[in-house]
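Everything below concerns the one structure shown next.
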There are 2 protein chains.
Amino acid sequence: MRWRDVGGVTCSVARALSVVGDRWTLLILRDAFRRVRRFEDFQRGIGITRHRLADRLGKLVREGVMERVRYQERPVRYEYKLTEKGRDLYPVIVSLVGWGDRWMAGDDGPPIELVHRDCGRVTAPVLTCPHCQAQVTAHDMSARLGPALAPKEEAPA
Amino acid sequence: MRWRDVGGVTCSVARALSVVGDRWTLLILRDAFRRVRRFEDFQRGIGITRHRLADRLGKLVREGVMERVRYQERPVRYEYKLTEKGRDLYPVIVSLVGWGDRWMAGDDGPPIELVHRDCGRVTAPVLTCPHCQAQVTAHDMSARLGPALAPKEEAPA
DNA sequence: CACCTCAGTTCCGTTTTGGAACTCGAGTGC
DNA sequence: GCACTCGAGTTCCAAAACGGAACTGAGGTG
């Protein structure tokens, strides 16, 4: 697949989605963040077919998002753990949780609550600017071409 | 599809993915955040087939993520704009951008830069706890069942 | 009148997916 | 020793989703 965008440059979203952009992968990661590790547990928890699951886990391992670790010798068996690259997808999952809670929640409210260990509060993490600490929304941000692609001076987008 | 999870409860990630969880939808949204609105522009920018695009836009409209707005009368023509529900997906897209930049960037570095209008800095927004302002990672958070589902006094079945 | 624009539709052959059964190695109960 | 269980896959086939390309419809434009 191409995954190209404006100016013939492959965009970061497209790059990210080439790894996690299908119906099952983000559910697998959701379970991984819940500390699910075993093939059978992923399969039961998600409702994915075993075939698909083997396929997706294999891809995640090839992409360096998860690693396949032997946890037992005799019958040799493996489990799947997030790598650092995988753990770094946490904001994506949490953002999806937040949106799901705000816009798709049923009558019972959010099915799960997230607790921030450091401050002990039930919390819904938000996106902020690391320089000024303000919460950011789409409206506050503008995009421009990166340095390597910018035409000499500045890009008029 | 089922989209159920632990305890027979549909999880928020699954609910969110039932709307945005396919190969194309998040790319459509990426372009929408770039202020793309027209059918032809989405189609060219993403490389999706017209058929698929019509299908996905229709679904996004039905789900209330985008709205179809007449922008011209004579030939009647429509464009697609994010609703508030749609704009609220910004953290998901930005998180994907950030991850793509950190882990999948090519030799040229990030293809685009995000500028925070309020403080004027090039920035990569991070996830923080709204109570204590600290940046959060998977390690800092724990999940538990929400109030409506917590096994308190009245555990409904 | 021929050609162009834009938002879709229709058709059809190829891919991907879902469902369910099967394999492989090894431990457990009897 | 034999049946049964467990867990991580693999195999096979029909059904669903998808890609490519041409077509439609309402109206400009030269």
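Values computed for the structure shown
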read-out: Residue count, segment A:23-80 (criterion: small (Gly, Ala, Ser) and in contact with a helix residue (DSSP H, G or I) (Cβ under 8 Å, 6 or more places away or on another chain)); value: 4
read-out: Any hit, segment A:66-74, residues being within 13 Å of residue A:87 (Cα to Cα), in contact with a Leu (Cβ under 9 Å, 6 or more places away or on another chain) and outside any helix (DSSP H, G or I); value: yes
read-out: Verdict on residue B:107 being in a helix (DSSP H, G or I), of a type in the set (D, E, K, R) and within 19 Å of residue B:124 (Cα to Cα); value: no
read-out: Candidate set: segment A:27-52, residues that are part of a helix (DSSP H, G or I) and basic (Lys, Arg); chosen: the one farthest from the other protein chains (Cβ to nearest Cβ); value: A:50
read-out: Residue count for segment A:30-42, restricted to those that are in contact (Cβ under 8 Å) with a residue 40 or more places away in the chain and under 17 Å from residue A:78 (Cα atoms); value: 4
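A quick yes/no check of all residues on (1) closer than 30 Å to residue A:43 by Cβ; (2) at pLDDT below 95; (3) loosely packed, with under 14 Cβ neighbours inside 10 Å; (4) out of contact with any Phe, Trp or Tyr (no Cβ under 7 Å at 6 or more places or on another chain):
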position: B:11; (1), (2), (3), (4): yes, yes, no, yes
position: B:21; (1), (2), (3), (4): yes, yes, no, yes
position: B:43; (1), (2), (3), (4): no, no, no, yes
position: B:63; (1), (2), (3), (4): yes, no, no, yes
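For (1) more than 16 Å from DNA strand D (Cβ to nearest atom); (2) more than 7 Å from chain B (Cβ to nearest Cβ); (3) surrounded by fewer than 19 Cβ atoms within 10 Å (Cβ to Cβ), each residue gets a yes or a no:
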position: A:70; (1), (2), (3): no, yes, yes
position: A:74; (1), (2), (3): no, yes, yes
position: A:78; (1), (2), (3): no, yes, yes
position: A:87; (1), (2), (3): yes, no, yes
position: A:92; (1), (2), (3): yes, no, no
position: A:106; (1), (2), (3): yes, yes, yes
position: A:116; (1), (2), (3): yes, no, no
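The values are calculated or read from the model by the stated rules, or taken from the named source; none is laboratory data. Just so you know, these numbers come straight off a predicted model, no measurement behind them. All Cβ positions, glycine included, derive from the backbone under ideal geometry; neighbour counts span all protein chains shown.
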